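Have a look at the structure below, then the notes.
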Amino acid sequence: MCGIVGLFLKDRALEADLGRLLTDMLVSMSDRGPDSAGIAVYRGHEDGQVKLTVQAPDPDTQFESLGEVLGAEVTRIDTHAIVTCAPEDADAVRAKIRAIDGLRLMSAGDAIEIYKEVGLPKTVAERFNLPTLRGTHGIGHTRMATESAVTTLGAHPFSTGSDQCLVHNGSLSNHNSLRRQLGRRGVEVETENDTEVAAAYLTWKMREGANLREALEAGIDDLDGFYTFVVGTRDGFGVVRDPIACKPAVMAETDQYVAFGSEYRALVGLPDIDAARVWEPEPATVYFWEH
Amino acid sequence: MQTLDVSAQGLREVNATLQAEPGGSNQAFEIVNPLGSHAIAVGLDAPIEVTVKGSTGYYCAGMNQQATVNVQGSVGPGAAENMMSGKVVVDGDASQYAGATAHGGLLVIKGNASSRCGISMKGIDIVVHGNIGHMSAFMAQAGNLVVLGDAGDALGDSLYEAQIFVRGEVKSLGADCVEKDLRAEHLETLTRLLAAADADADPSEFRRYGSARKLYNFDIDNAGAY
């Protein structure tokens, strides 16, 4: 099954509530996916710094002197750490992170932070204190594993490009051949997970010059299987379903926000939801909002 | 009118209260704070009246017999699935497979219905005031599907003896589904269903679709159509 949620704020006054609203949406989708949960949140791009989200299997030792090793600011949150550095230092910091055995780079960009772990969505939310996060938009996922193992790296969201991320409900049938094709084009896919292939496909399309909308439209032809995708970029938020559209999806829009949920239950706690325009996204149709 | 509160009492107690109504009861109930929950007002078997104040999740009013359920909101996938008799009225939109496999009764959707509306319907009458999505009435066996708006792709694919009436555009017809004449008896059926569904539409504006009956028995010459 899997449950996916997304919230894109139009009204800046709601930014302080982003984490709380998104967490409530995420936890309401627990019975669609109790294996693992994750959230990507976008915030603070105006500070001119680059952020790298890093995960460690043994954070007590691996994060202990990480700041000194990297020469960057490190903020630890449970098994994750946000490494902040100047844009000109980002490549060097990233290379140092890659060189440290066991550390995993979850995301990189001006605004994106990713928090994901194995466990019930409520537990994951508590571990990372997700309700306190503020930001402009975010997406989340509760996983019922089908295509790969229940591990932290198999949890969503997946980020394969700067400030990009994707969550998925469904399964792809051509992910192995796509993974090989992407590999030949120099696009790295780290896990056996089908969703990461979809994320990498969009990254590749955008590297080739497509914008997110064009990349999603191309994906309708090239990605075979059942899917509802919710994607985030530095300033944008997109939704697309496959042409059969058997995976559930419901959206709501008000003057203050655009929200996505696998089920309407995920949306019931949002402000003024009774007055929102609520609809089911059409199959093979790209929906996209940008700040 | 008895009020049942899903957030205070829990869904199980709300449904148990409704299901405990004895045959012949015509009690009226109001369900508040549905919170998009699944399986609200399912398995009812008495001529009671239930009003749901808000939107619901999956399978609202599924397996209904005799009861009248009015949803003052939208419904998730599988509304009135396998209904046997009674009436379900949705003021808003319906998600996928509304009225699937239902044997009888009347389902009225005042907004739009999504894909697979009336899939494998077996005797239910469905009236949709708005549009319906793709693959609606797939393998539908008996009953009537009336659509005041437009229909999506592959309408009536592999259709048996259900009848489909559409006033708007049909994006495409599924395998073995063809347009048929709208005769006096069909106008009569439409007039009755439109009135029952409180729909203001002229029966003569509809087009009727039904099975070409080529796929009933396997014939190698028709293999390509399956």
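Which residue out of A:E196, A:E214 is in contact with a Phe, Trp or Tyr (Cβ under 7 Å, 6 or more places away or on another chain) and without any contact (Cβ under 8 Å) to a residue 40 or more places away in the chain?
Working: A:E214 fails: in contact with a Phe, Trp or Tyr (Cβ under 7 Å, 6 or more places away or on another chain).
Result: A:E196 is the single residue among A:E196, A:E214 that is in contact with a Phe, Trp or Tyr (Cβ under 7 Å, 6 or more places away or on another chain) and without any contact (Cβ under 8 Å) to a residue 40 or more places away in the chain.
For the stretch B:175-199, how many residues are of a type in the set (A, V, I, L, M, F, W, C) and within 18 Å of B:D125 (Cβ to Cβ)? Give the derivation first.
Step one: filter the stretch B:175-199 for residues of a type in the set (A, V, I, L, M, F, W, C), giving B:175, B:177-178, B:182, B:184, B:187, B:190, B:193-197, B:199.
Filter once more, so that each one left must be within 18 Å of B:D125 (Cβ to Cβ): B:182, B:187, B:190, B:193-197, B:199.
The total comes to 9.
Being within 14 Å of another protein chain (Cβ to nearest Cβ) and within 14 Å of A:F8 (Cβ to Cβ) narrows it down to one residue among A:A245, A:A276, A:A249; which is it? If you could, list the steps in order and put the result at the bottom.
Values: A:A245 fails: within 14 Å of A:F8 (Cβ to Cβ); A:A249 fails: within 14 Å of A:F8 (Cβ to Cβ).
Sole residue among the options that is within 14 Å of another protein chain (Cβ to nearest Cβ) and within 14 Å of A:F8 (Cβ to Cβ): A:A276.
Evaluate the stretch B:6-13: report whether one residue or more is within 14 Å of chain A (Cβ to nearest Cβ), in contact (Cβ under 8 Å) with a residue 40 or more places away in the chain and over 12 Å from the mean Cα position of the chain (by Cα). First the steps, then the outcome.
At the first step, the residues of the stretch B:6-13 found to be within 14 Å of chain A (Cβ to nearest Cβ) are B:6-7, B:11.
Subset that is in contact (Cβ under 8 Å) with a residue 40 or more places away in the chain: none.
Within the stretch B:6-13, not a single residue is within 14 Å of chain A (Cβ to nearest Cβ), in contact (Cβ under 8 Å) with a residue 40 or more places away in the chain and over 12 Å from the mean Cα position of the chain (by Cα).
Given B:D153, B:D198, B:D157, which one is out of contact with any helix residue (DSSP H, G or I) (no Cβ under 9 Å at 6 or more places or on another chain), assigned to a loop (DSSP other than H, G, I, E, B) and surrounded by fewer than 16 Cβ atoms within 10 Å (Cβ to Cβ)?
Details: B:D153 fails: surrounded by fewer than 16 Cβ atoms within 10 Å (Cβ to Cβ); B:D157 fails: surrounded by fewer than 16 Cβ atoms within 10 Å (Cβ to Cβ).
The conditions single out B:D198.
Which of the residues that make up the stretch A:263-280 are buried (at least 24 other Cβ atoms within 10 Å of the Cβ) and at pLDDT below 95?
Once the filter is applied, which keeps residues that are buried (at least 24 other Cβ atoms within 10 Å of the Cβ) and at pLDDT below 95, the stretch A:263-280 yields nothing.
Please find, within the stretch A:48-65, the residue that is farthest from A:V93 (Cα to Cα) out of those that are polar (S, T, N, Q) and not in a strand (DSSP E or B).
Of the residues in the stretch A:48-65, the ones polar (S, T, N, Q) are A:49, A:53, A:55, A:61-62, A:65.
If we keep only those that are not in a strand (DSSP E or B) too, we end up with A:49, A:61-62, A:65.
Details: A:Q49: 13, A:T61: 19, A:Q62: 15, A:S65: 14 Å.
The qualifying residue farthest from A:V93 (Cα to Cα) is A:T61.
Can you tell me which residue within the stretch B:173-195, out of those that are assigned to a helix (DSSP H, G or I) and touching a residue at least 24 places away in the same chain (Cβ under 8 Å), is surrounded by the most Cβ atoms within 10 Å (Cβ to Cβ)? Explain how you work it out, then say what you get.
Narrowing the stretch B:173-195 to residues assigned to a helix (DSSP H, G or I): B:184-195.
Going one step further and asking which of them are touching a residue at least 24 places away in the same chain (Cβ under 8 Å), we end up with B:189-190, B:193-194.
On the way: B:T189: 17, B:L190: 25, B:L193: 20, B:L194: 20.
Out of the qualifying residues, it is B:L190.
Name the residues in the stretch B:23-52 that are more than 14 Å from every other protein chain (Cβ to nearest Cβ), part of a loop (DSSP other than H, G, I, E, B) and at pLDDT 95 or above, would you? Walk me through how you get there before you give the answer.
We begin by selecting, within the stretch B:23-52, every residue more than 14 Å from every other protein chain (Cβ to nearest Cβ); these are B:23-31, B:41-51.
Subset that is part of a loop (DSSP other than H, G, I, E, B): B:23-27, B:41-44, B:46-48.
Passing the criteria: B:Q27, B:A41, B:V42, B:G43, B:L44, B:A46, B:P47, B:I48.
This table checks each residue for (1) among the polar types (S, T, N, Q); (2) closer than 23 Å to B:A94 by Cα; (3) out of contact with any Ser or Thr (no Cβ under 7 Å at 6 or more places or on another chain).
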position	(1), (2), (3)
B:A20	no, no, yes
B:N33	yes, yes, no
B:S37	yes, yes, no
B:E49	no, yes, no
B:M63	no, yes, yes
B:T68	yes, yes, yes
B:S74	yes, yes, no
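When A:L166 is evaluated against the numbered criteria (1) crowded, with 24+ Cβ neighbours inside 10 Å; (2) of a type in the set (A, V, I, L, M); (3) out of contact with any Phe, Trp or Tyr (no Cβ under 7 Å at 6 or more places or on another chain), which criterion, by number, is the only one it fails?
If we test A:L166 against (1) crowded, with 24+ Cβ neighbours inside 10 Å; (2) of a type in the set (A, V, I, L, M); (3) out of contact with any Phe, Trp or Tyr (no Cβ under 7 Å at 6 or more places or on another chain), just (3) comes out false.
Considering every residue within the stretch A:172-182, establish whether at least one is farther than 27 Å from A:K51 by Cα and in contact with a strand residue (DSSP E or B) (Cβ under 6 Å, 6 or more places away or on another chain).
Yes, that holds for at least one residue.
Here is a list: A:P271, A:P243. Which entry is part of a loop (DSSP other than H, G, I, E, B) and closer than 25 Å to B:C117 by Cβ? Spell out how you get there, then give the answer.
On the way: A:P271 fails: closer than 25 Å to B:C117 by Cβ.
Every option except A:P243 fails the conditions.
Counting only residues that are surrounded by 24 or more Cβ atoms within 10 Å (Cβ to Cβ) and not hydroxyl-bearing (S, T, Y), how many does the stretch A:241-262 have?
8
Scan B:Q72, B:Q19, B:Q65 and give me the residue that is at pLDDT 95 or above and closer than 15 Å to B:I109 by Cα.
Values: B:Q19 fails: closer than 15 Å to B:I109 by Cα; B:Q65 fails: closer than 15 Å to B:I109 by Cα.
It is B:Q72.
How many residues, within the stretch B:69-115, are away from every other protein chain (no Cβ under 14 Å) and assigned to a loop (DSSP other than H, G, I, E, B)? Steps first, please.
Taking the stretch B:69-115 and keeping what is away from every other protein chain (no Cβ under 14 Å), we get B:69-70, B:80-89, B:99, B:101-108, B:110.
Next cut, assigned to a loop (DSSP other than H, G, I, E, B) only: B:80-86, B:99, B:101-105, B:110.
Adding up the residues that qualify gives 14.
Could you tell me whether the stretch A:213-222 includes any residue that is part of a loop (DSSP other than H, G, I, E, B), away from chain B (no Cβ under 14 Å), surrounded by fewer than 20 Cβ atoms within 10 Å (Cβ to Cβ) and within 18 Å of the chain's Cα centre (by Cα)? Give the steps one after another, and end with the answer.
At the first step, the residues of the stretch A:213-222 found to be part of a loop (DSSP other than H, G, I, E, B) are none.
Looking for residues that are part of a loop (DSSP other than H, G, I, E, B), away from chain B (no Cβ under 14 Å), surrounded by fewer than 20 Cβ atoms within 10 Å (Cβ to Cβ) and within 18 Å of the chain's Cα centre (by Cα), one finds none in the stretch A:213-222, hence no.
Spot the failing condition for B:V89; the list is (1) surrounded by 23 or more Cβ atoms within 10 Å (Cβ to Cβ); (2) within 18 Å of B:S114 (Cβ to Cβ); (3) among the hydrophobic types (A, V, I, L, M, F, W, C), and only one is missed.
Checking B:V89 against (1) surrounded by 23 or more Cβ atoms within 10 Å (Cβ to Cβ); (2) within 18 Å of B:S114 (Cβ to Cβ); (3) among the hydrophobic types (A, V, I, L, M, F, W, C), the one that fails is (1).
Go through the stretch B:116-138 and count every residue that is in a strand (DSSP E or B) and crowded, with 24+ Cβ neighbours inside 10 Å. So that I can check it myself, show each step before the final result.
Step one: list which residues in the stretch B:116-138 are in a strand (DSSP E or B), which gives B:122-128, B:132.
Next, from what is left, pick out any that are crowded, with 24+ Cβ neighbours inside 10 Å: B:124-128, B:132.
Counting residues in the stretch B:116-138 that are in a strand (DSSP E or B) and crowded, with 24+ Cβ neighbours inside 10 Å gives 6.
Answer yes or no: is there a residue in the stretch B:121-134 that is touching a Lys or Arg at 6+ places or on another chain (Cβ under 6 Å) and farther than 26 Å from A:K247 by Cβ. Explain how you work it out, then say what you get.
Start the filter on the stretch B:121-134 by keeping residues that are touching a Lys or Arg at 6+ places or on another chain (Cβ under 6 Å), which leaves B:129.
Restricting the remaining residues to those that are farther than 26 Å from A:K247 by Cβ gives B:129.
Within the stretch B:121-134, one or more residues are touching a Lys or Arg at 6+ places or on another chain (Cβ under 6 Å) and farther than 26 Å from A:K247 by Cβ.
Which is closer than 18 Å to A:Y42 by Cα and touching a Leu at 6+ places or on another chain (Cβ under 8 Å), of A:C85, A:C165?
Details: A:C165 fails: touching a Leu at 6+ places or on another chain (Cβ under 8 Å).
Of the residues listed, the single one that is closer than 18 Å to A:Y42 by Cα and touching a Leu at 6+ places or on another chain (Cβ under 8 Å) is A:C85.
Exactly one of these conditions fails for A:A200: (1) crowded, with 24+ Cβ neighbours inside 10 Å; (2) among the aliphatic types (A, V, I, L, M); (3) not in a helix (DSSP H, G or I). Give me its number.
(3)
Is it fair to say A:R234 is touching a residue at least 60 places away in the same chain (Cβ under 8 Å), surrounded by fewer than 17 Cβ atoms within 10 Å (Cβ to Cβ) and among the basic types (K, R)? Working first, answer last.
Numbers: touching a residue at least 60 places away in the same chain (Cβ under 8 Å): yes; surrounded by fewer than 17 Cβ atoms within 10 Å (Cβ to Cβ): no; among the basic types (K, R): yes.
Criteria not met by A:R234.
Among the residues of the stretch B:55-68, write down those that are within 10 Å of chain A (Cβ to nearest Cβ) and either under 23 Å from B:D198 (Cβ atoms) or surrounded by fewer than 24 Cβ atoms within 10 Å (Cβ to Cβ) (or both).
Pass one, the stretch B:55-68, residues within 10 Å of chain A (Cβ to nearest Cβ): B:55-58.
The answer is B:S55, B:T56.
Which one of the conditions (1) part of a loop (DSSP other than H, G, I, E, B); (2) over 30 Å from A:V239 (Cα atoms) does A:E68 fail to meet, given that it meets all the rest?
Failing condition for A:E68: (1).
The values are calculated or read from the model by the stated rules, or taken from the named source; none is laboratory data. Because the structure is a prediction, the values reported are computed rather than measured. Quick reminder, even Gly has a Cβ in these numbers, built from the backbone with ideal geometry, and neighbours come from all protein chains shown.
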